[in-house]
Amino acid sequence: NPFAGLVSHLRASWLSGKTRPMEFRIAQLEALGHFLDDKKQQILEATASDLGKPPFEAELSEILLCKNELHETLNNLSRWMKDEPVDRNLVMQLDSAFIRKDPYGVVLIIAPWNYPIHLFLVPLIGAIAAGNCVIVKPSEVSKNTERMVAEALPSYLDKDCFAVVTGGVPETTRLLENKFDNIFFTGTPSVGRIVMTAAAKHLTPVTLELGGKNPCYVSDTCDVTNVARRVAWGRFFNAGQTCIAPDYLLCTIEMQEKLMPALRQAIAEFFGPNPRESPDFGRIVDDKQFRRLQALLGSGRVVIGGQTDEAARYIAPTVLADVQPSDPAMQEEIFGPILPIVVIANMDEAIDFINSRERPLALYVFSSDDKVVNQVLERTSSGGFCGNDTLMHLTLTSLPFGGIGNSGLGMYHGKFSFDTFCHHRACLKRGMGREPLNSARYPPYSQQKFGLMQAASKVTRKSDCTLL
């Protein structure tokens, strides 16, 4: 296997204990901060070449949010690393019981192309903070960013503990044949199954950050102008190539008619009369994705946008009305600047529609009535939830980010990243003395001994009532 030597080298480094000291972890994390500062212009240029990403969007999603994660980690790492004491029963009152946060060992991070810096760097921050050695596999689809990362990142990190591997499907397949102690994958559910199958051969734990069709229910009681602006921003940010973008709208026929002019106005306000000329609207990453998206434009009827240019990989911000659940646009995650609207009769029907499909990575609801927002929250299931906005829950390092069911397994961001790359080790340390206290558990057994053990170790339920 072409990567066996690399994995063995990193494993030897991990077994040496090099990555465990807090000082080493902090130094490597600070080096990631230097990478972001020093290579800022190259990051902006590479993401512009790969995705036509506007500098504002690149600086926000690829640099600022990564720095937020980095600073959150550096601010709290010493506290996160400390042993966590736990409650003890009567038998253990004189002993030490705690949870130790151990690194897994050698971990693999496989990143996607849509946010080619953010989606490898944020999990890498957690893996380093937890004390692991790491192999990073950036996406070959965003080829300019892949090349920049492969050339630049190794000079910032310890080469005995961290490595970047490039290549496509054949290289990734061979890489996955090796035994890792943890695998973190971001991508589609279909590839997630392949990664999980490969991991199963070594009983390797996995974190799968996948995707899905994120529903957005718009109730009849809402500020239509604000809804249109927030939905248009979330759908067309990064030309729609965002795993938590609102994938389709659910609303009544009356609300659909109100949304049309509001969405048209929002798109014109954001990108001008011809979005193709806007410096603030991105492009589709490659020809394969362009052709896939172009085929979805036949669903429902195009009421806004619909223009395409294959040579420029341009698809205009597009809204499709009267889309049927059986239409092609409703069969797969869109991952592009196309927004279908599916008409439903009321909130109950919208909830039934959402629950009849795979559980999404994100779920959105807009309503001026808080009871409606709470109803949707309580009666549905999704990786994340955001009421009266889109995407913004991603920006909080205090919230976990992850899917459920078809949209993923595990979570990260902030302390959740640290915990994801740690083994929570159960530890009990007892003294060698006080042996008479243990005699109740030794044979020969008796009912009297059991009574003593029960009294010393049982957990009792607290009373449900409180005396005032």
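The values are calculated or read from the model by the stated rules, or taken from the named source; none is laboratory data. Remember, predicted model here, so these are calculated numbers, not experimental data. Neighbour counts are summed over all protein chains in view; Cβ atoms, including those assigned to glycine, are modelled from backbone coordinates with ideal geometry. For accessibility, only protein heavy atoms count, side chains too; no ligands or nucleic acids. Shrake-Rupley method; radii C 1.70, N 1.55, O 1.52, S 1.80 Å.
Taking the longest Cα principal axis of the chain as reference, the axis of helix 40-51 is set at about 60 degrees. Simple rule: put +1 on each Lys or Arg Cβ and -1 on each Asp or Glu Cβ in the range 1-72, find the dipole, and look at G17, L64, I43; the Cα lying farthest toward the positive end is G17.
In a simple Cβ point-charge model (Lys, Arg +1; Asp, Glu -1; nothing else charged), the chain has a dipole of about 2060 debye relative to its Cα centre. A cut-off under 14 angstrom between Cβ atoms defines the neighbours of L437, and their net charge, with Lys, Arg +1 and Asp, Glu -1, is +3. Where only DSSP H runs of four or more residues are counted, the chain gives -12000 deg cm²/dmol as its mean residue ellipticity at 222 nm, each run worth -39500 (n - 2.57). Candidate cross-link partners of K67 among the lysines, defined by an alpha-carbon separation under 28 Å and a same-chain spacing of 8 or more, comprise K18, K39, K40, K53, K82, K101, K137, K143, K159, K415.
Here the chain carries DSSP beta bridges of which approximately 35% are antiparallel, counting only pairs with both residues inside. The phi torsions of the range 119-129, fed into the Karplus equation with coefficients 6.51, -1.76 and 1.60 and a -60° offset, translate into couplings of 7, 10, 6, 5, x, 4, 4, x, 5, 5, 4 Hz, rounded to whole numbers, with Gly and Pro shown as x. At an R0 of 56 angstrom, the distance between the Cβ atoms of L6 and Q447 translates into a FRET efficiency of 0.40. In the context of the full set of protein chains, the range 215-406 has a per residue accessible area of 40 Å² (1.4 Å probe). Taking K179 as the anchor, which aspartates and glutamates have their alpha carbon closer than 19 Å to its alpha carbon, excluding any fewer than eight residues away along the same chain? Partners found: D102, D160, E171. Considering only the range 215-406, what is the antiparallel percent among its DSSP beta bridges, to the nearest 5? Just about 25 percent of them are antiparallel. Rounded to the nearest 0.05, the FRET efficiency derived from the C-beta distance between Q307 and Q42 at R0 = 51 Å is 0.95. Computed from point charges on the beta carbon alone (+1 for Lys and Arg, -1 for Asp and Glu), the dipole magnitude for the range 215-406 about its Cα centre is near 420 Debye. Scalar couplings 3J(HN,Hα) for the range 163-180, obtained by applying the Karplus form with A = 6.51, B = -1.76, C = 1.60 to θ = phi - 60°, are 8, 10, 10, 10, x, x, 4, x, 5, 5, 4, 5, 4, 6, 6, 7, 7, 10 Hz; x denotes Gly and Pro. Given L297, S219, G383, which one lies farthest toward the positive end of the charge dipole of the range 215-406, if we put +1 on the Cβ of every Lys and Arg and -1 on the Cβ of every Asp and Glu? Value: L297. Under the criterion of Cα pairs below 8 Å and six or more residues apart, the relative contact order for the chain equals 18 percent. Other residues within the sphere of radius under 11 Å centred on the Cβ of T221, judged by their own Cβ, net out at -3 (K and R +1, D and E -1). Computed from phi, the 3J(HN,Hα) profile of the range 24-35 under the Karplus parametrisation 6.51, -1.76, 1.60 (θ = phi - 60°) reads 5, 4, 4, 4, 5, 5, 5, 5, 5, x, 5, 4 Hz, with x in place of Gly and Pro.
Computed from label points 7 Å out along Cα-Cβ, the spacing between L396 and L94 is 4.7 nm.
Backbone amide hydrogens, once placed in the peptide plane, bring A362 within less than 5 Å of G383, G384, excluding anything fewer than 5 places away on its chain.
Calculate, for H34 and N75, the FRET efficiency according to 1/(1 + (r/R0)^6) with r their C-beta to C-beta distance and R0 25 Å; round to the nearest 0.05. Once the sixth-power term is evaluated, E becomes 0.90. Residues whose amide H falls under 5 Å from that of L339, counting only those 5 or more places apart or on a different chain, are T318, V319, L320, with hydrogens built in the peptide plane.
Extending 7 Å from the Cα toward the beta-carbon at both R357 and A268 defines two label points whose distance is 3.0 nm.
Think of each Lys and Arg Cβ as +1 and each Asp and Glu Cβ as -1; about the Cα centre, that makes the dipole of the range 158-262 roughly 160 debye. Mind jotting down the distance between the C-alpha centroids of the range 68-126 and the range 389-444, whole Å? Measuring centre to centre over Cα atoms gives 9 Å.
Around the amide H of L391, modelled in the peptide plane, lies no amide H under 5 Å away from a residue 5 or more places distant or on another chain. Taking every alpha-carbon pair under 8 Å whose residues sit at least 6 apart, the range 215-406 reaches a relative contact order of 27 percent.
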